[in-house]
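S.K.: Have a look at this one.
The values are calculated or read from the model by the stated rules, or taken from the named source; none is laboratory data. Predicted, not measured: the structure shown is a model, and the values here were computed from it. Every residue, glycine among them, receives a Cβ derived from its backbone with ideal geometry; neighbour counts consider all protein chains shown. Accessible surface areas use protein heavy atoms only, side chains included; no ligands, DNA or RNA. Shrake-Rupley method; radii C 1.70, N 1.55, O 1.52, S 1.80 Å.
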Amino acid sequence: MESTSTVLRQLRGAQKSAKGVSLYSRYVNRPAGRVFAVGAYRLGMTPNQVTLVSAVFTFGALAGVALVRPGPWLAVLVYLGLVVGFALDSADGQLARLTGRGGPDGEWLDHVVDCAKMVLVHTAVLVSFQRWFALPGDGWLLLPLGFLFVAVLTFCAGLLREQLGRTAAAAPAPAPAAPPSRLRAVALLPADYGVFCLVFLLLGDETAFRVGYALLAAVHALFLVLFLGKWFRELKALRAH
């Protein structure tokens, strides 16, 4: 079996494009995913098994949000569970490319887990608000529902953009893509799930968490509007081909 350094080099060579990826995913989540992918490779795990382990970390952390009274220790444990789950979510695809064991079933399972994560993270916050928080008013209970709407719509619209965009495969080959923009990678940071996870470090302080969560909801809503306009224009442009 190849050495760890050799496997890491192979994974770096098989990395997805950095286009449209924030600095966090490029320099934190993907490298962490590579380390987990090497570990999974050594253990003989399949990509689907890594996906399921990712789900265990993520859903376990979210169960803590919903079922345990907020506090500093819970904040740290929830954050660690979410970021490890996110890194493992990157590791499954990297392991699939390394071993050639990917397929439609793995892609389907990965999307199912991602969708469940998106629904549960905001549902867990809603439950926590209702059970544990001394909210200034009941209107705060609408915030997780609004954030949930934004997250699911962004996920579904982006997935459809990707799928419908594949019809352009029969079109003439596009010009070589420009190098990934660092400015764009910085601008995308507020919309990155890994950055979103940071807000759970504020769970020990109700006010700080509510304010941080509300600010992220507003930013994600703004990004949704921008993304929808961009994706619509891109798909409309495909008709010209």
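S.K.: At 0.36 nm per residue, and after removing the present C-alpha to C-alpha distance, how many nm does the segment from R69 to R161 gain when stretched out fully?
M.R.: Difference between extended and current length: 29.2 nm.
S.K.: For every helix of n ≥ 4 consecutive DSSP H residues, a contribution of -39,500 (n - 2.57) applies; sum these over the chain, divide by its total residues, and give [θ] at 222 nm rounded to the nearest 500 deg cm²/dmol.
M.R.: Mean residue ellipticity, 222 nm, calculated: -24000 deg cm²/dmol.
S.K.: Leaving out ligands and nucleic acids, note down the accessible area per residue over the chain with a 1.4 angstrom probe, in whole Å².
M.R.: 54
S.K.: Follow-up. Can you list the DSSP H helices in the chain whose Cα atoms extend at least 24 Å along the helix axis and whose mean Kyte-Doolittle hydropathy is 0.5 or higher?
M.R.: 47-67, 72-99, 142-165, 206-238
S.K.: Hey, another quick one. Rank by packing, highest mean first: peptides 119-126, 149-156, 82-89, 220-227, with packing defined as the count of other Cβ atoms within 10 Å averaged across residues.
M.R.: In decreasing order of mean packing, 119-126, 149-156, 82-89, 220-227 become 82-89, 119-126, 149-156, 220-227.
S.K.: Can you compute the charge dipole magnitude of the range 86-239 about its Cα centre, using +1 on each Lys and Arg Cβ and -1 on each Asp and Glu Cβ, nothing else charged? Give it in debye, rounded to the nearest 20.
M.R.: Roughly 620 debye, rounded to the nearest 20.
S.K.: I need two numbers for the chain: Rg to one decimal and Dmax as a whole number, Cα atoms only, in Å.
M.R.: 19.1, 60
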